[in-house]
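A quick write-up on the structure given underneath.
Since every read-out is calculated from the coordinates, none of them should be taken as a lab result. Please read all numbers here as calculations on a predicted model, not as lab measurements. As a convention, Cβ positions derive from the backbone with ideal geometry for all residues, glycine included, and neighbour counts pool all protein chains shown.
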Amino acid sequence: MQSLSRVQSQIQSRRMSMLEENRTLQRQLLQKRAKELESLRMGEDWDFSLQSKEQIETSLLHKYEAVMRRERALACSFTHQECITGSGK
């Protein structure tokens, strides 16, 4: 019973840290976006790519979703590993 509660506590802790990482990442993306918009208003750092704004944002969204899937997979793996080592004691 104690090992179950310990695993649940570790899962909760990991979820909280993932949530905080997610918030930090979102804040950084918003700050980066604001800087990009400001530099475009000033006429600096023009992007000469052939992609539209929507295509670039879609690409960034896909990268972000891939990072979140990876984090969930790591959390699941960690939980599974803890369950195996906890039940082997």
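Brief remarks on what is shown
- Linear extension gain, GLN10 paired with LEU25, 0.36 nm per residue minus alpha-carbon span: 3.2 nm
- Result for the chain in a Gaussian network model with C-alpha springs under 10 Å: among ARG70, ARG14, ARG41, the largest mean-square fluctuation is at ARG41.
- Cα-based shape type of the range 1-44, given that a ≥ b ≥ c are square roots of the gyration tensor eigenvalues and the cut on a/c is 1.5: prolate
- Residue list for the range 8-23, given a label point 7 angstrom along the Cα-to-Cβ vector of ARG69 and an amide N cut-off under 19 Å: 22
- Simple rule: put +1 on each Lys or Arg Cβ and -1 on each Asp or Glu Cβ in the chain, find the dipole, and look at THR58, ILE84, ASN22; the Cα lying farthest toward the positive end is ILE84.
- From its DSSP helices (H runs of at least four residues, each -39,500 (n - 2.57)), the chain gives a residue-normalised ellipticity at 222 nm of -31500 deg cm²/dmol.
- Computed magnitude of the charge dipole of the range 2-87 (debye, nearest 20; Cβ of K, R +1, Cβ of D, E -1): 380 debye
- Correct option for Cα extents along the principal axes in Å [calculated from the coordinates] among (1) 66, 24, 16; (2) 49, 25, 17; (3) 63, 21, 14: (3)
- Pairs of lysine residues in the chain - Cα separation under 17 Å, sequence separation of 8 or more or cross-chain: 4
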